[in-house]
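Quick note: the coordinates plus some simple rules give every number you see, no bench work behind them. Please read all numbers here as calculations on a predicted model, not as lab measurements. Here the Cβ positions follow ideal geometry from the backbone for every residue, glycine too, while neighbour counts run over all protein chains shown.
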Amino acid sequence: MDGIVDLCFMDFKEIIETLIITGNSWRLHEIINRFFKNISNVNREPLAEIQNIQIEEIAVNLWNWTVTKRIELPVSESQTAKLCYFACKLICMYGISVSSEDAIQRQILMNMKTGKEWLDTGNAPIADEFFQAAMADLEKLYVKLVQSCYTEANLIMHKITVEKGIFRVLSYQAESAVAQGDFQKASICALRCKDMLMRLPEMTGYLQVLCYNLGVETGKQNKYKESSFWLRQSYEIGKMDKDSVEPEMLAKVLRLLATVYLEWDDKEYYNKALIAVLLANKEHLDPAGLFLKMRILMKGKTCNEELLEAVMEIVHLAMPLEFCLNITQFLIDNKRDFVGFRFLRIISGHFKLAEDSKKIVLFYIGMLLQKDKDLIAKEKIEEILTDHQTRSPLARDLVNWLHSILWGKATRSFKEQNYTDALHWYSYSLKLYECDQEDLDLVKLKRNMASCYLHLKQLDKAKEAVAEAEQQDPTNIFTQFYIFKIAIMEKNSDRALQVVSTLKKLLTNEELDDDGLFNSEVSPTKILSLAIQFALENGQQFVAGKALEYLFQLSEDPKEVLEALKCLVRIILPQVSQMPESENRKKEMDRLLTYLNTALLKFSQYFDEDTSTLDSRVNDANWFRKIAWNLALQSEKDLETMKTFFMVSYKLSLFCPSDQGLLIAQKTCLLVAAAVDLEQGRKATTTSEQVMLLRKSLEQTQKCKIVWNRLKQTGDFAGDDCGAMLLLYEFEVKTKTNDPSLYSFLDSVWTMPDLESRTLETMALLAMDKPAHYPTIARKALKKLLLIHKNKEPIDVLKYSECMHNLIDLLVSDGISSTIPYSLKEIWIHLKNALSLINQTEGYPEEEILWLMIKSWNIGILMYSRNDVSAKRWADLALDFLGHLGSLKINYEAKVNLLYANLMEALDKRWELRSAEMTERLKALAAPPEDPGSVPSTQTTAHNHL
């Protein structure tokens, strides 16, 4: 099914039969796609007549199954179209009865139906293919019918049959052409259909609706010229047969045509729009037509006198009050106040019912307030309030309407910060509630009035209003908000904190829904944000801090959470900076760390969600990163805390654009973290703890290496020893944890061209630093270091002597009897090299020469104990070093010469070393106390014994 393969007869016969019988819905989509994909590859070789008949039968069965089961099938419209496509194509390929009239008619029907399916799925090009095939089949059918006709009556009947088919295909082609933007073709097809209506009057309604729909579609695309053409055709076609098209439909078409002319926004079409709407109102009077007429007149800048005539027509036509009020609103909104208020006076005399009169008065009040005619509005409000309380109470809907008008005016005054005026309008609303004290809207009114009092600094009145609201609705979050504001203004921090706690409970338990001053667009956490802002503005930072903690815990908006965290950090940070080292300071630092980790979590969860706010989030991440960095610097006395802040700073930096400065910061964070973990690993009391800390250090080191390599590509960092530190950190961890990758790591280290002497020296020390024990690695590092010192011009004798000391000390430990034989040759070479340098240069430390002499002598004695003849050679070497001693020579010359003579005598006479006499005579050399002015060894002192 993935490849294009020929479908043989047996293939689709079996599949289609199984599909029709079983439904096989779980593979239906797969089968449909296979048929559609491979229909052009069906094997078209001549088949036996019996097979052709079977294929035709299968295709017809598939078609009928698809048409009858389409509603039940779990497939889309496009899948249904594909099934029709396949069945229709099979009939065209293998149909053997194509010469019969019934077969041609069936093929016409299938082509038209398949084309319409594709047209409805939005694939007009494929639909056209089937429409053209249907038109060709209609021509064949016409020829076939004419040939078989013997009477004129039969001929006329057949012509009508063919014309109906042509009409239907042309209408489909018109619809397809509009979908493809081919207006010329669409109009030609539609006009041909229109010409055929004289012979096919029963198709009038269908064509009229089709043209209307095409007018609607093109109008949505702002194709006004095309839309007006289709709507004109719809109207003209509808007029051809008034019995099949209702006047309401004709009026609807004309109103839409007038609207198209109006939106065309050209003076040329203004009159056409007016004519169209007048015709529409003549066909069928409808409020929509009258309103459209007013719109057109307004667009044409009609004078007030003509507008008055038009609105009087509305009165004479006995339109309902609501419609008349809408017309008045429209006139006033479009700055035709004279006509609007004049019309309002006219309809007030026309509608005599008491309820209608009250509605007109309320509407009049609303318009007066909209036009800032407050004095007249107040008079009318007081009149209607008096009437409501004494003679004729307002119905509930009218009471609500008046409340809405008054609250709307109060809200506008509040937004303009005219709080006194807002209270004035709220007071009118309050009078309406005198008979209905339990209404919850009264509670909202009290809160709104309290807000005005607070802005006017009238705390007593505000407290009274809020107390009344709390009595009736104590769990309302807005009520609690105003209690909070009053507590803040009175500097009552305890009461404010209590309200903050209550707010948190309400936010987690209550679905808020309030009108009035706060609308439904205000999120619950927004109220908490307003409380925080008010507390900060009034210097109540502690209260604000507690509310901020609740806010970032409750809010689901990442931006809101980050803003809350930033505000918290700004509050706490100055206080922490001034605190001495103490338990309280540590607690505050822990709080800051919690805030930073929360910010980090929010960035991790939501950073890539909305690209439109990416710049803002990057700035936030950079802000938090710098805060974490500064806190790390302030924690230098607490290494673990410092490391933690540096790691938070590093993780936050991953959300910032990379540049050289950021890479330097990342390098520092990771380097410090690795160093702290390494230091703590050295001090660990248990093996498991040590391994855990060292592995953490290695993890940070590996990350830092990546950052360091990227950083080196941005500039010259020759003076930065980061690379050497990372190498040593990794080396130490791997040696102390017996890492199996140690030697592969060292393979790359030994080939480094810029390996420094101090790095090699440290590696040698670390290789033998417990629990590490890698003497071979230490030996190799010291040999490389010795070579570096030797090749320097001029040679640094002190460093050379120190390195030589460490290397020989590694090869010949204090327990000299354990020296392995294969290293003696290497030791001999190193000692001879040291002697050669002593011969050639000055300044070799005398204590080191003495140490070399003692090592040589002791190895000689070791060889003598093993009956090795090389003992004399080692003793001779010791005498050579003795000859280069300075002030110390006088202390050792006689003793060494005596011991040498004894050794030679023993070798000549082959005395046993273990004899008491030789044991006494060949005592070990003992070095004198180290001179305070001498250069100390990096590993051990010069004290050695036999």
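With 25 Å as the limit, write out which pairs from Lys140/Lys239; Lys546/Lys651; Lys734/Lys832; Lys239/Lys293; Lys220/Lys252; Lys252/Lys358 have Cα-Cα distances beyond it, or answer none.
Lys140/Lys239; Lys546/Lys651; Lys734/Lys832; Lys252/Lys358
In segment 732-808, which trypsin sites (Lys or Arg not before Pro) are in a loop and have at most 16 other Cβ atoms within 10 Å, using DSSP for the loop call?
For trypsin sites (Lys or Arg not before Pro) across segment 732-808 that sit outside H, G, I, E and B with at most 16 neighbouring Cβ atoms in 10 Å, the list reads Lys792.
Around Ala318, what is the net charge, scoring Lys/Arg as +1 and Asp/Glu as -1 over all other residues with Cβ under 14 Å from its Cβ?
Spelling it out: positives minus negatives among the neighbours equals -3.
So, R0 is 25 Å and r is the distance between the beta-carbons of Ile890 and Asn839; what FRET efficiency does that work out to, to 0.05?
My answer for the efficiency is 0.75.
Measuring from label point to label point, each 7 Å out along Cα→Cβ, what is the Gln498 to Asp241 span in nm?
Those two pseudo-labels are separated by 8.3 nm.
For the residue pair Met579 and Gln180, what label-to-label distance in nm results when each label sits 7 Å from Cα along the Cα-to-beta-carbon direction?
It works out to 7.7 nm between the two label points.
Expected output is a single nm value to one decimal: the length gained when fully extending between Asp868 and Glu152, i.e. 0.36 nm times separation in residues minus the C-alpha distance. What is it?
243.6 nm
Assuming 0.36 nm per residue, please report the length gained on full extension of the stretch Asn897 to Leu191 beyond their Cα-Cα distance.
Here the segment from Asn897 to Leu191 would lengthen by 240.7 nm.
What order do you get for Tyr419, Tyr85 when you list them from fewest to most C-beta neighbours inside 10 Å?
The most exposed by this proxy come first: Tyr419, Tyr85.
Computed FRET efficiency, Cβ-Cβ of Arg695 and Leu654, R0 22 Å: what is it to the nearest 0.05?
For R0 = 22 Å, the calculated efficiency reads 0.55.
Pull out the extension gain between Lys461 and Asp374, defined as 0.36 nm times the separation in residues minus the alpha carbon to alpha carbon distance; nm, one decimal.
28.8 nm
Tell me the trypsin sites (Lys or Arg not before Pro) within segment 848-911 that lie in a loop according to DSSP and have at most 10 other beta-carbon atoms within 10 Å.
Taking segment 848-911 and a limit of 10 other Cβ atoms within 10 Å, the loop trypsin sites (Lys or Arg not before Pro) found are Arg910.
In debye to the nearest 20, how big a dipole does segment 336-483 give about its Cα centre with +1 on each Lys and Arg Cβ and -1 on each Asp and Glu Cβ?
So the dipole magnitude of segment 336-483 works out to roughly 660 debye.
Indicate the gyration tensor shape class of segment 348-444 (rounded, prolate or oblate), computed on the Cα atoms with a ≥ b ≥ c the square roots of the eigenvalues: a/c under 1.5 is rounded; otherwise a/b larger than b/c is prolate and the rest oblate.
It comes out oblate by the Cα gyration axes.
So for Phe478, Phe229, fewest C-beta neighbours within 10 Å to most, what's the order?
Lowest to highest Cβ neighbour count: Phe229, Phe478.
Identify the GluC sites (Glu not before Pro) of segment 625-697 meeting these criteria: DSSP loop state and at most 13 other C-beta atoms within 10 Å of the C-beta.
Listed in order of number, the matching sites are Glu636.
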